[in-house]
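What follows is a single structure, written as structure tokens, with notes after it.
The values are calculated or read from the model by the stated rules, or taken from the named source; none is laboratory data. Here the structure is a predicted model, which means the values were calculated and not measured. Reconstructed Cβ throughout: ideal geometry from the backbone, glycine too, with neighbour counts over all protein chains shown.
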Amino acid sequence: MLLSAPPQQTVDLGPQQQVVSCNPKIGVHTRLTDEVEEWKIKLSLALAREMGATWVVEYFPWAYIEPEPGRFDWRHSDVILAHASRQGLSLVARLGYTPAWARPDGSTPSMLPQASWPAFAAFCAAFAARYRGVLSRVVIWNEPNLALEWGFRPPSPEQYSGLLSTCYPAIKASAPETIVLAGALAPMPSPLDDPTAMDDLTYLERLYAAGGGQYFDELAVHSYGWAYPADEPPDPGKVSFRRAELLRGIMETHGDGAKACLITEAGWNDHPRWTRAVSPSQRVLFTQQAYDLAYRSWPWCRAVAMWVLRFPWPQRSYQDYFAFLTSDFEPRPVYLAVKAYASNCVVAERPSQSL
Amino acid sequence: MRRRQFLRILAVTGCAAVAGCAAGDNSLALVRRSGRLRVGLDASFPPFEAVAPEGNIVGLDADLASYVASALGVQPEWHNIAYDGLYDALAARQVDMLASALPSDPLRTRDVSYSQPYFYDGVVLIGEPGAPLAAKLADVTGRLAVEMGSESAALARRLVRRAEVIEMMSEADVMAAVAGAKADWGLVGLVSACAHAETSGSFVIGVQLTQVPYCLVTRAQDKALSQAVSAALESILASAAWQACRRKWLGAKC
């Protein structure tokens with residue numbers, strides 16, 4: 001009987017906190033989806049605030065929350081939203097990950113068949129309604145221009161437009177003030193005949209052509225820097241931080257200049273062996289520069305949420321070198337550098353000049 | 001002389017092979033039957049592994065894997081794989097062994113076997129030639145240069161008590177600062193320090209502050225092959241050929 005009782009709240013929310021930061025666009029993507037212990041959720045969000053982040057982006061898998069049709073388990077998302085709110089953070093919720101009951105046998109959770117669009121839309125609406133007042137925004141799906149994220153089918157902007165047109169009115173009906181973001185596209189120049197991925201610029205053009213533009217309020221953007229500095233001029237043929245400007249240009253071309261973008265993933269990696277990595281010092285500088293560039297030069301950009309604050313456990317791959325904190329909460333240099341930047345909005349000068 | 005040495009190694013690995021066969025494991029037998037040891041490495045990490053202008057794989061790990069293959073009586077076959085795919089390639093049996101400057105990772109030992117370390121990388125303290133080298137970071141005074149954001153910078157933040165820590169953009173900047181007397185000390189990676197000390201001689205290498213053991217890696221269930229590799233490695237590491245190999249790729253200072 002004790003085992004079936006609901007879990008006790010074991011971690012006090014603490015006093016209401018407020019983010020102190022000179023740059024209100026600083027954000028970070030957390031990875032609390034698989035974080036079991038509540039104190040770690042609280043500490044993660046507190047450390048995001050202490051770094052100077054106003055925004056956090058978090059992933060809420062549909063399959064975790066609605067494991068059976070109509071049976072919702074909100075316990076984990078309740079904990080995250082409560083602590084994020086108490087830390088004074090604006091939380092952006094990415095929604096996706098289809099439960100087994102809503103997809104064909106043998107498919108992966110990235111498969112969302114058209115027949116299940118209404119069920120997913122109902123979940124999104126229920127999520128937005130439950131967290132009215134504490135939830136800032138929802139993002140519908142993730143990187144639909146990758147076959148990997150689209151049920152291993154060829155990416156289809158037209159189908160994704162249909163998904164948006166199903167979810168958007170459902171969310172607005174249940175929580176009208178919730179801002180709905182179209183899912184971020186994987187930044188990648190791809191050949192036209194690539195069945196595994198579609199160039200993000202092409203995809204966005206086709207999304208507009210399919211009428212998808214009327215079914216989102218803002219656009220989520222992924223804007224990784226790879227080995228380029230933050231101010232590297234944008235080029236359709238390469239992945240760099242300012243590739244976001246190319247997506248922005250497409251929005252303006254289609255009359256969507258009044259809508260904002262929100263970068264939900266970005267960043268640099270300082271793995272010593274990964275081919276797309278930079279040195280630790282470059283990572284520090286480029287990250288500061290990216291936040292500063294968005295703050296001073298991108299009025300259309302709501303926030304930049306870098307990937308990733310921390311993993312619940314080491315990934316034992318190059319992914320660990322995207323993290324701002326180690327799994328045991330040790331701050332990596334980039335965390336300390338962003339924290340220093342957030343106190344005065346001064347990007348570190350190239351230090352070798354100081355001698 | 002080198003041939004006699006390898007015959008001795010072969011004798012040792014033969015014993016290991018018998019032990020492995022006794023356990024009913026045919027991993028070593030399969031390698032011998034194929035006549036090749038499929039070696040996985042990411043050839044983008046000189047001086048351990050790189051692709052030479054002629055297109056062949058070269059480096060300390062390549063030489064080491066060649067020695068091991070010879071000791072097993074087979075030819076090495078190179079599989080140049082991106083770093084993050086190395087362990088997957090081993091698990092998928094696309095390769096028999098990894099030789100790619102891989103640190104041992106206790107969390108992986110359910111799936112893989114690590115050999116004894118053949119090299120300890122890590123952070124070293126460097127100083128001006130002729131100056132007495134400090135034995136630990138807490139004793140360092142004056143100006144200590146580190147690469148911003150690096151493991152060295154984190155070490156300095158934790159352990160330096162009496163020196164002024166100066167952050168620089170790269171390890172090359174750190175070594176140039178020490179060589180140019182703009183800093184009294186520096187913290188850099190051992191391999192970088194060895195390479196620069198070899199060519200410039202403008203600083204000396206002191207105490208090694210961290211130890212990152214590089215090992216050869218085989219599948220945990222391939223016990224016969226693992227034992228044979230370890231036995232071969234033990235002999236190789238004791239040989240003059242290995243010392244020459246180290247000098248060739250890392251310099252005399254390492």
- [ ] List every residue pair whose Cβ atoms lie under 6 Å apart, where the two residues are 6 or more positions apart in sequence or sit on different chains, the first residue falls within the stretch B:149-163 and is in the same structural domain as B:Ala135 (by TED's automatic domain parsing) and closer than 12 Å to A:Arg332 by Cβ, and the second residue, located anywhere, is polar (S, T, N, Q) and surrounded by 13 or more Cβ atoms within 10 Å (Cβ to Cβ).
- [x] B:Gly149/A:Ser281
- [ ] May I ask you to say which residue of B:Leu98, B:Leu102 is under 30 Å from B:Leu37 (Cβ atoms), at pLDDT 90 or above, part of a strand (DSSP E or B) and within 11 Å of another protein chain (Cβ to nearest Cβ)?
- [x] B:Leu102
Open item on the list: Can you pull out every residue in the stretch B:89-121 that is free of Cβ contacts under 8 Å to residues at least 12 places away in the same chain and closer than 27 Å to B:Cys254 by Cβ?
Closed with: B:Asp105, B:Pro106
Open item on the list: Residues to consider are B:Val68, B:Val74; find the one that is in contact with a helix residue (DSSP H, G or I) (Cβ under 9 Å, 6 or more places away or on another chain) and buried (at least 20 other Cβ atoms within 10 Å of the Cβ).
Closed with: B:Val68
- [ ] Any residue in the stretch B:69-85 that's more than 14 Å from chain A (Cβ to nearest Cβ) and β-branched (Val, Ile, Thr): show its pairings with residues that are part of a strand (DSSP E or B) and surrounded by fewer than 19 Cβ atoms within 10 Å (Cβ to Cβ) at Cβ separation under 7 Å, as long as the two are six or more apart or on different chains.
- [x] B:Val74/B:Arg36
Open item on the list: Please verify whether A:Ala294 is away from chain B (no Cβ under 13 Å), in a strand (DSSP E or B) and either modelled with pLDDT of 95 or more or surrounded by fewer than 18 Cβ atoms within 10 Å (Cβ to Cβ) (or both), treating the condition exactly as stated.
Closed with: no
TODO: Return yes when B:Ala50 is among the small types (Gly, Ala, Ser) and at pLDDT 95 or above and no when it is not.
DONE: yes
- [ ] For the stretch B:149-254, please list each of the helices (runs of 4 or more DSSP H) lying entirely inside it that holds at least 2 residues being over 30 Å from A:Trp268 (Cβ atoms) and at pLDDT below 90.
- [x] B:190-200
Task: So B:Ala138, is it part of a loop (DSSP other than H, G, I, E, B) and either over 27 Å from A:Asn269 (Cβ atoms) or under 22 Å from the mean Cα position of the chain (by Cα) (or both) - done: no
Task: In the stretch B:107-130, residue nearest to the other protein chains (Cβ to nearest Cβ) [restricted to those that are assigned to a loop (DSSP other than H, G, I, E, B) and within 17 Å of B:His196 (Cβ to Cβ)] - done: B:Gly122
Open item on the list: Regarding the stretch A:266-289, can at least one residue be identified that is at pLDDT 95 or above, under 23 Å from A:Ile140 (Cα atoms) and away from chain B (no Cβ under 14 Å)?
Closed with: yes
